[in-house]
Amino acid sequence: MKKSEFEEKLKQTAAAVKDSRVKDAMLYSLMAGGKRIRPMMLYAVTEGYGLPAETADAFACALEMIHTYSLIHDDLPAMDNDDLRRGRLTCHKAFDEATAILAGDGLLTYAFETAVKTAGVSAEQVLEGVRILAGDAGPDGMVLGQCLDMQESVLTDWEALQTIHHHKTGCLLSAPLEIGAVLAGCDAETCGLWRQIGFDIGLAFQLQDDILDVEKTAAELGKSNSDERNEKVTGVSLLGIEKARTLMNQLYDDSFAKIEKIKGFESDALTGLLREVQHRNH
Ligand code: GRG
């Protein structure tokens, strides 16, 4: 699946919503050109198991909608208070706070309305995919991670920071791998293995984000590098940049080795995608 093809599907899916100011805000943030890593990971898993791309379309759109909702809400004044995201004004700056809150709500709920339209697999598989997505996005997943991240007293050491990353970043990077395995009909053990690989990639991805935050300018990142401004404790501030980089590369490389060993899975598309992610510069 090419990123541009996916973006066309995403646009068409969101275009079906009734015209309104909230729809404009949803589309503004959704079509602002993120890396689309989560949907691309899902397509790479289903492709590696030989499924047609259409099987993954609905969950791919749903993942990107939930991710975009989280960014819109994270940028609000009550949370990170950022002005710049994906190279343009954040949703509440381009519209207003109330509309940005609604755009996030709209994307979160429309994601599930979209996901249940998955065709080509059993209803049980779709239901299991929805369960995973809701669990990873919700109060035991990303929402918990965001909540912990906002309570500074929680962050005592590297262990505590890993717990935050696991939920805030890891859950939504694990979901595409596990959902892909579910759509492909994998057994519970294999689905669990994919889930664990997703968490390792999530930690690597977050360490990389922290490294880029100190090494790149806001213009290069297309978003505010707010960690330093907000005096945030990060993997880089706790481990030092070289240790953080070594751990990040080790997590990626160990994940590639695990992926290549999974039976019945053609790994090239996924490892190729993840190697690009590993060497990204924004
Ligand atoms: C508001 C419930 C709620 C959660 C917010 C996503 C998030 C949780 C906060 C954003 C800040 C942050 C650093 C989160 C960690 C995950 C992460 C690195 C998100 C950025 O994802 P990318 O790099 O973004 O895939 P693009 O713009 O490329 O899609």
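The values are calculated or read from the model by the stated rules, or taken from the named source; none is laboratory data. Note that the structure is predicted; figures quoted are calculated from it, not measured. No Cβ is skipped: glycine too gets one built from the backbone with ideal geometry, and neighbour counts run over all protein chains shown. Keep in mind that these areas ignore ligands, DNA and RNA; they rest on the heavy atoms of the full protein, side chains included. Shrake-Rupley method; radii C 1.70, N 1.55, O 1.52, S 1.80 Å.
Between Q250 and V17, what FRET efficiency follows from the Cβ-Cβ distance if R0 is 35 Å, with the result rounded to 0.05?
Once the sixth-power term is evaluated, E becomes 0.25.
To the nearest 0.05, what FRET efficiency results for K243 and K2 with a Förster distance of 41 Å applied to their C-beta separation?
Working: r = 36 Å, r/R0 = 0.89.
That gives a FRET efficiency of 0.65.
Using only Cα atoms, locate the centre of region 229-263 and the centre of region 1-47, then give the distance between them in Å, rounded to an integer.
28 Å
Indicate the helices, whole DSSP H runs only, in the chain that combine a mean Kyte-Doolittle hydropathy of 0.0 or more with a Cα extent along their long axis of 20 angstrom or more. Show your work: numbers first, answer last.
Details: long enough: 54-74 (31 Å, 0.34); 97-115 (27 Å, 0.68); 123-137 (21 Å, 0.44); 188-215 (40 Å, 0.21); 241-260 (29 Å, -0.56).
Taking the DSSP H segments of the chain (at least 20 Å long, mean hydropathy at least 0.0), we get 54-74, 97-115, 123-137, 188-215.
With a 1.4 Å probe and every protein chain kept in, tell me what percent of the accessible surface of the chain is carbon plus sulfur.
Its accessible area is 53 percent carbon and sulfur atoms.
Under 15 Å Cα to Cα from K258, which aspartates and glutamates show up? Leave out anything in the same chain fewer than 8 places away.
E178, E189, D200, E266, D268
Tell me, what is the FRET efficiency for E189 and C147 to the nearest 0.05, using R0 = 30 angstrom and their Cβ-Cβ distance as r?
That gives a FRET efficiency of 0.45.
What is the local net charge at R131, summed over the other residues whose Cβ is closer than 11 Å to its Cβ (Lys, Arg +1; Asp, Glu -1)?
Neighbour charge sum, excluding R131 itself: -4.
Specify the residue with the greatest mean-square fluctuation among R21, R85, R195, computed from a Gaussian network of the chain linking alpha-carbon atoms under 10 Å apart.
R21
Find the relative contact order for region 3-272 and round it to a whole percent, using C-alpha pairs within less than 8 Å whose residues are 6+ positions apart.
20 percent
Where is the GNM fluctuation largest for the chain (alpha-carbon springs, 10 angstrom cutoff): D57, D187, D213?
Result: D187 has the largest fluctuation of those listed.
How long is the gain from A119 to T163 if the chain were fully straight, where each residue apart is worth 0.36 nm and the alpha carbon distance is subtracted?
The A119-T163 span can extend by a further 12.3 nm.
Kirkwood hydrodynamic radius, the chain, all distinct C-alpha pairs: what's the number in Å?
Values: mean 1/r = 0.0526 Å⁻¹.
With all distinct Cα pairs of the chain included, I get 19.0 Å.
Given the DSSP H assignment, sum -39500 (n - 2.57) over each helix run of at least 4 residues in the chain and divide by its residue total; what's the result at 222 nm in deg cm²/dmol, nearest 500?
-21500 deg cm²/dmol
May I ask you to give the solvent-accessible area per residue for the chain, in square angstrom, as obtained with a 1.4 angstrom probe?
45 Å²
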